[in-house]
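I have placed the structure first, in the form of structure tokens, so that the comments after it can refer back to it.
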Amino acid sequence: MRRTERVVRRLGLDNNPLRRRTDRIAACLGPGLLIAFLAGAPLLTMATVHWAGQAGTAEQQAQRSWYRVDAVLLHSAPAPAAFASGLYGTWVPARWTAPDGRSRTGEIDVTTGMAKGQTLPIWVDQTGLPTGPPLTHRAVVARTILAAALAPVVLAIVLGFLAGVGRWVLDRRQLASWDAAWARVGPQWTKRFWTRG
């Protein structure tokens, strides 16, 4: 029973005549936002997983019209710097045949040190523009897991921000009400002090 009374008093739900409405709201703000997080996090995570899965599937559907073609380098890629490994890339002009049979030229990203005339496979869309490799099922799953992990974190950040703003607004209201109360009572106390004086 004592524990229940303590919780009720902490939440500002007791009948304390000195407790203002802002005090009750401030006391309920933290537990209310915690309940909102506990209820909202699973729902938001499920919605995010559904959205990420659908977006990945739609992207894979759109990429089914991509083609893998061989591109011939028109210039040599510069050799890597002495301090850099061959992992870095550079843009080099190349020529390839689009799916409609037309010859296309443009710059493609290649690793450094490749020679002129060397061929390498690239992915292009129906018009023959380079696209990059299509999205794999593993990448869709990784995106979905990342979205599911970030959803509760984003919700916690938003609710934390709302808690801070709510606390700031309540503090301002309390200070304003204290100022108003002192403006009414203060002059009477000051008169009594000087008349006793």
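Remarks
- Residue satisfying condition, being over 35 Å from the mean Cα position of the chain (by Cα) and either on the phi < 0 side of the Ramachandran plot or exposed (fewer than 13 other Cβ atoms within 10 Å of the Cβ) (or both), within set Asp100, Asp109: Asp100
- Any hit, the range 43-65, residues being at pLDDT 95 or above and touching a Leu at 6+ places or on another chain (Cβ under 7 Å): yes
- With respect to the conditions (1) in a helix (DSSP H, G or I); (2) surrounded by fewer than 16 Cβ atoms within 10 Å (Cβ to Cβ); (3) not hydrophobic (A, V, I, L, M, F, W, C), Arg143 falls short on a single one, namely (2).
- Residue among Thr127, Thr57 that alone is outside any strand (DSSP E or B), hydroxyl-bearing (Ser, Thr, Tyr) and either assigned by TED's automatic domain parsing to the domain that holds Ala142 or surrounded by 13 or more Cβ atoms within 10 Å (Cβ to Cβ) (or both): Thr57
- The single condition among (1) at pLDDT below 90; (2) among the charged types (D, E, K, R); (3) within 26 Å of the chain's Cα centre (by Cα) that Arg173 does not satisfy is (3).
- Set Gly186, Gly166, Gly132: member being surrounded by 13 or more Cβ atoms within 10 Å (Cβ to Cβ) and not hydrophobic (A, V, I, L, M, F, W, C): Gly166
The values are calculated or read from the model by the stated rules, or taken from the named source; none is laboratory data. These numbers were taken from a predicted model, which means no experiment stands behind them. Heads up, the Cβs are rebuilt from the backbone with ideal geometry, glycines too, and the neighbour counts pull from every protein chain shown.
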